[in-house]
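I have placed the structure first, in the form of structure tokens, so that the comments after it can refer back to it.
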Amino acid sequence: MDPLRALRPWEAPEVTSWGRLAMSGVDRRHPSLSLDGDWHFQLLPSPDAPVGETWSTAHVPGAWTLQDTDDLPHYTNVRMPFAEFPPHSPAANPTGVYERTVDVPAEWAGRRIVLQVGAAESVLLVQVDGRPVGVSKDSHLAAEFDLTAVVRAGDRAVLRLTVVKWSDASHLEDQDQWWHGGITRPVLLYATDPLHLADVTVLARADGELRVDCRVRDAAGALPEGWHVSGDLDGLAVAQDTTFDRANAEDERVSAFLGEARLRATVPDVRTWTAETPELYGLTVRLHRPDGTVADTSYHRVGFRDVEIAGRDLLINGERVFIRGVNRHDFHPLTGRTVSHDDMRADLALLKRFGFNAVRTAHYPNDPALYDIADEFGLYVVDEADIESHDHAHEIADDPRYLNAFVDRVSRMVLRDKNHPSVIIWSLGNESDYGANHDAAAGWVRRHDPTRPVQYEGAAKRGWADPDVASDIACPMYAPLEDCVAHALSGKQTKPLIQCEYSHAMGNSNGTLADHWAAIEATPGLQGGFIWEFWDHGILQRVSDGRPAGRAGAGRYSDGVAAPGHRWAYGGDFGDTPHDGAFIADGVVFPDRTPKPVLYEHREIAAPVRLESFRHEGPVIGNHQHFRGLDWLSGEWLLSLADGRTLTAPAELPDLRPGETAAVPLPLDLPDDGGEAWLTLRVTTARDEAWAPRGTVVCLPQVRLRPRPVREAVAVPERTVEVDADGLLVHPLLRSAPTLSLWRAPTDNDELGGMADRWREWGLDAPVRRLVAVRRDGASVGVLAEYAFGTAVVRHEQVLTAVEGGIRVEETAELPEALYDVARVGSVFETVAGPELLDWFGPGPWESYPDRATAPVGHHSLPVDDLFTPYLRPQESGGRHGVRHFTLSAPDATGLAVRLDRPSQVSVTRYRAADLAAAAHHDELVPREGCVVHIDAAHRGLGTASCGPDTFASYLVPTGTHRWGWILRAL
């Protein structure tokens, strides 16, 4: 066994590294040698097992769990995937041995040669030609090792990287995500001059003051007399601060092996950086030898901005800003935690397009490229350390054996990312209780970087206002909205309240998002939060053998749906146990980055331009940004009329500063027909942005100009309505007649919130219908039936009347007190085969529900198959809230039309609720030939009860009498 493995560092929490170089803020562009590609590879059953003679191959970067090994992905949320207590790891401990030869460039002679391993899970052991070089822990930050003494320029060396999957460090990386093993970020060699920049710290203030602190070392020995630094900021010379040099000499801070220097400049008429105006300057820092030649350089994109807390407000450049955030993992459905630059760019571009301005790097520092993109696009970043000890949080928070690991992980994150203007807050980690180890890490951060606040969710256990905890921000997760508002109004609030997680995007979810933001915007002291989370972490899985599709699965998915022969796998699908099922599928996008409906909801909630109201002279437009005017936007007016027409006109947006409003003339003449009318402002980008091309929709604010009139259908006495022996409507367009429905295929919130179990206990999924009476009265037929739901009985009456061109259906249902919280009250029926297209007037086009319903009212049209939202675990989906009327048509224009007495919840899919409830994955679903149609008088809100508060009481289905009516006509 090699000497590094003999030391068994995987079970020594006090050891965070050996031989590893210090992290720094230097950004070099020196020549490097990429070592990415196929390596020789062996997967050992444990770190104590001997390396064999037979090698396979593994791609670097990449997780071996996705590369056809027998060690497959494993998902747990809170529980560790093994029973051992910290700091121990299981005896069955997959260990990957990577090996390859490296030809060291001859031109690197006399230079310092460094190996960089971007990320390895969870313990990395490095050898060169059999000689031990170093050890590193922390699965989400790079490890660098000086190889100058063990390699020779122009020669070939054998590099071996051994990665031990489970360790004492695994107990600190108990994040809610898939467990993998491998080298998941790039590996490279690079060379520098022996005289080099050891660290660079850039401080750029909103007033234009620039300070650059440099630390200098010489690998050859003592620093040479006469070295110096210089800088250039977009052509502006940045000079060395001689006052700083003199002060250092007087304080005896000058040493033979470590040099310090400071550069200063003042930028006139500085363009400041914010998420809305991400202005960046190019900075080059140069380290000179005594003869003036350049020994080393560091490149930075500098954003001038200030971050501070004033009372209970977080300020950016002196302005209180709303934090519209999302939590984000590094994830890809084929390569796991290995994410390309293009993929990260697409991630953040999507967030910008849907109104987000902030990202929390849950729950570890993300790939370094992400921060460069956030700087460029304009996103506020809460940078979170790789610490989550969820299963053993209380034990580890105060365990001195883990003290070094806490400080090491937090400090290395700060040293790496401190020069990014996008990073506005440091986070000490997630769900790790609260103890002395957090205080120690916070103390290091506050000393090293006093320019940014520190936050930690776990400190909330001491109270949101406690001034003595390691969190400058009150950042609870899933706190009830009423508690947040009460705290802000209590007079006791001392810190900004920005929830680190507040709305859980598991399945069909994120109910009450608009209610949350209405309260946040109306309540001083509330400043926003972060949705959990960006991704559904579905891994593309071959159905034939149950294994990950891996890199060969490219192109096997689109629009949120896995291609035939594949499916999105979640916990348990790889035989992993224990597991936490579909809890891994809790993002605002599907695994292929297709937006879920909640993204459109968020876009409208976060709209930078809004229609505040409608006055006699016209609509009132408001600028709801913090720093920017409206010149980057274009507009178009849309007037949606109930008769099917949509009129358009160009819109000239007024010149408004942030917070200003202005009334503009009504852009279109309102027809004199008395019908319902809605005015929408379609706001798009006026020019290409870094994150969106010209013409990208930014928001669709809307005001109602005229309400919906009440129209009565005229009965046709000479016609009759046909019902069968059970009192059910007989109609040539219906395969099954409309019956009462109180059930929906449970959402993830319904299941984990306990509602679904209650509904099954009540028998909502299996009602027993009994015909009580049928009576005829001219053109009408009255049908009275009773539905038995367990011991509860619901009386349901239908009055079917022949009217001009169709049948009017008037329904009444009486819910007893025993059924105090049901899924819906309404009708369900099925059409014959043929209809393929739904046209409707109401909110849309995206899916909506009572507590997730900001979609603009208008005329919308979608194929029936596109109405259904393919949440990873099949469940209630495809609903449209507030529908006024709709048509279902076949290609030959035949079909049916329905006009509703009042705006109602409607869904049209190919699946019965029972079909969805019985399936675990979408490959198990078989579409029906006809359409399953629900028309609801009341529908329960979605809430976020899978992890967070349920929906509000106002969105529950009340007991008592429910009435609804609709007219069915043939096209």
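Net length available on complete extension from HIS30 to SER490 is 160.0 nm, with 0.36 nm assigned per residue and the Cα-Cα distance removed. Charge dipole of the range 307-537 (Cα centre as origin; +1 on each Lys and Arg Cβ, -1 on each Asp and Glu Cβ, all else neutral): 520 debye, rounded to the nearest 20. Between PHE627 and ASP468, the FRET efficiency estimated from the beta carbon spacing at R0 = 35 angstrom works out to 0.55. Once a ≥ b ≥ c are taken as the square roots of the eigenvalues of the Cα gyration tensor of the range 307-537, is the result rounded (a/c under 1.5), prolate (a/b larger than b/c) or oblate (a/b not larger than b/c)? Rounded. Each of ARG551 and ALA690 was given a label point 7 Å from its Cα along the Cα-to-Cβ line. The distance between the two points is 3.0 nm.
Over all directions, the projected convex hull of the C-alpha atoms in the range 146-192 averages 5.1 nm² in area.
Only the Cβ atoms of Lys and Arg (+1) and of Asp and Glu (-1) were treated as charged; on that basis the dipole of the range 609-766 about its Cα centre amounts to roughly 360 debye. The calculated pair-distance distribution of the chain uses every alpha carbon pair, bins of 10 angstrom beginning at 0, and gives 2, 11, 18, 22, 19, 13, 8, 4, 2, 1, 0 percent. Placing a label point 7 Å from the Cα of ARG253 along the Cα-to-Cβ direction, the residues of the range 206-222 with a backbone N closer than 16 Å are 211-217.
Estimated at 0.36 nm per residue, the fully extended path between GLU308 and ARG156 surpasses their Cα-Cα distance by 49.5 nm. For the range 206-302, the residue among THR272, ALA261, HIS300 whose Cα projects farthest onto the positive side of the dipole built from Cβ charges is HIS300. What the Cβ-Cβ distance of LEU925 and ARG760 gives, at R0 = 25 Å and to the nearest 0.05, is a FRET efficiency of 0.75.
Of the chymotrypsin sites (Phe, Trp or Tyr not before Pro) found in the range 256-294, the ones in coil according to DSSP and having at most 12 other Cβ atoms within 10 Å of their Cβ are PHE257.
Here the range 245-296 is treated as an ellipsoid with the same Cα gyration tensor; its semi-axes, largest first and in whole Å, are 31, 16, 10.
For the range 44-66, backbone nitrogen atoms closer than 14 Å to the point 7 Å from ALA563 Cα along Cα-to-C-beta are found at no residue. Put a plus charge on the Cβ of each Lys and Arg, a minus charge on the Cβ of each Asp and Glu, and nothing anywhere else: the dipole of the range 206-302 about its Cα centre is then about 220 debye. For the range 436-540, the share of alpha carbon pairs falling in successive 5 Å distance bins from zero is 2, 12, 20, 20, 16, 13, 10, 5, 1, 0, 0 percent.
Taken one residue at a time, the phi angles of the range 187-197 give Karplus couplings (6.51, -1.76, 1.60, θ = phi - 60°) of 10, 8, 10, 9, 10, 10, 5, x, 7, 8, 6 Hz. Gly and Pro are set to x. The amide H of ARG360, built 1.01 Å from its N in the peptide plane, has VAL326, ASN327, ARG328, VAL382 as neighbours under 5 Å, considering only residues 5 or more places off or on other chains.
Of ALA12, ILE113, THR95, which is farthest on the positive side of the dipole of the range 1-151, counting Cα position, with +1 on Lys and Arg Cβ, -1 on Asp and Glu Cβ, and the Cα centre as origin? Toward the positive end, the furthest listed residue is ILE113. For the range 608-700, the calculated P(r) over all alpha carbon pairs, in 10 Å bins from 0 to the bin holding the longest distance, is 16, 46, 28, 9, 0 percent. Take the Cβ atoms of THR57 and TYR299, set R0 to 41 Å, and the FRET efficiency comes out at 0.70. Residues of the range 56-80 with backbone nitrogen within less than 14 Å of a virtual label 7 Å along the Cα-to-Cβ line of ALA92, please, listed as ranges. The answer is 70-74. Remark: the range 843-850, residue by residue, has Karplus-estimated 3J(HN,Hα) of x, x, x, 6, 4, 8, 9, x Hz, where x stands for each Gly or Pro and the curve is 6.51 cos²θ - 1.76 cosθ + 1.60 at θ = phi - 60°.
Residue-normalised convex hull volume from the C-alpha trace of the range 6-89: 200 Å³ per residue.
When cysteine pairs in the chain are screened for C-beta atoms closer than 4.7 angstrom, the residues that find no partner are CYS214, CYS484, CYS699, CYS931, CYS947. Toward the positive end of the charge dipole of the chain, with +1 on the Cβ of Lys and Arg and -1 on the Cβ of Asp and Glu, the farthest Cα among LEU925, LEU647, VAL620 is that of LEU647.
Annotation: amide H-H contacts under 5 Å for THR184 (H modelled 1.01 Å from N, sequence separation of 5 or more, or interchain): GLY62, ALA119, ALA120, GLU121. With contacts taken as Cα pairs under 8 Å at a separation of at least 6 residues, the chain carries a relative contact order of 9 percent.
For LYS492, the lysines whose Cα falls under 20 Å of its own Cα, not counting residues fewer than eight places away in the same chain, are LYS461. Our helix-only sum for the chain, with -39,500 (n - 2.57) per DSSP H run of n ≥ 4 divided by its residues, gives a mean residue ellipticity at 222 nm of -3500 deg cm²/dmol.
Each label was represented as a point 7 Å from its Cα along the Cα-to-Cβ direction; for VAL697 and GLU319 these points are 2.7 nm apart. For the range 3-192, compute Rh as the Kirkwood radius over C-alpha pairs and then the Stokes-Einstein diffusion coefficient at 25 °C and 0.890 mPa s; write the answer in µm²/s, rounded to an integer. It diffuses with D of about 145 µm²/s by this estimate. Backbone geometry of the range 575-588 corresponds, through the Karplus equation with coefficients 6.51, -1.76 and 1.60 at θ = phi - 60°, to 3J(HN,Hα) couplings of x, 6, 8, x, 8, 10, x, 7, 4, 6, 9, 9, x, 8 Hz, x marking Gly and Pro.
Every number in this text was worked out from the coordinates using simple rules, so none of it is lab data. No experiment lies behind these values; they were computed from the predicted model shown. We place every Cβ from the backbone using ideal geometry, glycine too, and count neighbours over all the protein chains shown.
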